[in-house]
1. When only residues in the range 157-173 that are outside any loop (DSSP other than H, G, I, E, B) and crowded, with 18+ Cβ neighbours inside 10 Å count, which is farthest from the chain's Cα centre (by Cα)?
2. Hey, which of the helices (runs of 4 or more DSSP H) in the range 1-98, taking only ones fully inside, have at least 3 residues that are assigned by TED's automatic domain parsing to the domain that holds Leu129 and at pLDDT 85 or above?
3. Out of Pro102, Pro132, Pro144, which single residue is surrounded by fewer than 16 Cβ atoms within 10 Å (Cβ to Cβ), under 26 Å from the mean Cα position of the chain (by Cα), farther than 28 Å from Asp53 by Cβ and not assigned by TED's automatic domain parsing to the domain that holds Gly49?
4. Taking the criterion of being of a type in the set (A, V, I, L, M, F, W, C) and touching a Ser or Thr at 6+ places or on another chain (Cβ under 6 Å), would at least one residue in the range 162-181 satisfy it?
5. Write out, first by first residue and then by second, each pair whose Cβ atoms fall under 8 Å of each other, whose residues are 6+ apart or on separate chains, and whose first residue, in the range 191-217, is in a helix (DSSP H, G or I) while the second is of a type outside the set (Gly, Ala, Ser) and modelled with pLDDT under 60.
6. Among the candidates Leu147, Leu108, Leu171, Leu141, single out the residue that is among the aliphatic types (A, V, I, L, M) and modelled with pLDDT of 85 or more.
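The values are calculated or read from the model by the stated rules, or taken from the named source; none is laboratory data. Predicted model only: the values in this text are computed from it and were never measured. Note that each Cβ is placed from the backbone with ideal geometry, even for glycine, and that neighbours are counted across all protein chains shown.
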Amino acid sequence: MADTQMTPELFREKLQTILEQANAKGGRIRRDEVGAFFSGEGLSEEQLGLVYDFLLSKKIVVEGYERQEEQMADAGEDAPLWSEEEQRWLEIYEEDLAAVRPEQPGELEQLLIAAAGGDAAAKRRLTELFLPEVSAAAKRLYRPGVLLSDVIQEASLELVLFVEQLSGRTLADAAKVRKELHAGIRRSVQALLEEQKDVHTRDRKMVSKVQDFKDAVTELKEDLGRKVYLDEIADYLHISEEEAADILKLAGEDVPEEEG
């Protein structure tokens, strides 16, 4: 890291510590808390942004942080759409939403006041009224590589948590509440997308390792003119026998563990 003597090992330890602190707070942490934790380490804003994105990838909501618009801009008309199966699911889901009793004049403000007082019925009605907005926001944030239904489910969960946390709050106008809700949905969906991206990256790496393993088996068999053994494959790929054994399970190759 520039302007700091922090080693990669120490940085990883600090990342793990801040992750544990965020989990202890229910999977949420404020941006200024993260900044304070890393104060004195000489991290630039760009480097802190990587820390925030790391937390997002672990499904931690970083309050007060949003990724750069060019990275997380809402999906436009040219963006790839979800599958036909997902579209059919969406149509059924939105038909159910359309059947909800419409919001009445002044109802939202009254519900917010009641919800702040802990009224469970008001919270249920608020959730019901906000669900169409949640669906619309989730569709805008959708990215290929993850199910649309998962994105909407994640956004809906954020709505439930948001409404539940209204208890005891001094609420401002409905527009401000909507703005807070949409910001929370964006952070929650971003966390889901980051997590899925990490999963896909790991999957691609494993597929590559399996293919390398199969190629190595083929090459060694041709070079040696006989069957090959696990320790030989491990040496050839410069990996441990334990890692080679793990890849072997996925590769489905018939490779003896040791020469007998």
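1. Restricting attention to the range 157-173, the residues satisfying the condition of being outside any loop (DSSP other than H, G, I, E, B) are 157-164.
In the following step, the residues that additionally are crowded, with 18+ Cβ neighbours inside 10 Å were identified as 158-159, 162-163.
Working: Glu158: 13, Leu159: 17, Phe162: 18, Val163: 21 Å.
Among those that are outside any loop (DSSP other than H, G, I, E, B) and crowded, with 18+ Cβ neighbours inside 10 Å, it is Val163.
2. Working: elements: 8-24, 31-37, 45-57, 69-72, 84-98.
Correct list: 84-98.
3. Pro132
4. Step one: list which residues in the range 162-181 are of a type in the set (A, V, I, L, M, F, W, C), which gives 162-163, 166, 171-172, 174-175, 177, 181.
Now narrow it down to the ones that are touching a Ser or Thr at 6+ places or on another chain (Cβ under 6 Å): 163.
Scanning the range 162-181, I find at least one residue that is of a type in the set (A, V, I, L, M, F, W, C) and touching a Ser or Thr at 6+ places or on another chain (Cβ under 6 Å), so the answer is yes.
5. So the pair list comes out as Phe213/Glu253; Lys214/Glu253; Val217/Glu253; Val217/Val255.
6. Working: Leu147 fails: modelled with pLDDT of 85 or more; Leu171 fails: modelled with pLDDT of 85 or more; Leu141 fails: modelled with pLDDT of 85 or more.
That would be Leu108, the only listed residue that is among the aliphatic types (A, V, I, L, M) and modelled with pLDDT of 85 or more.
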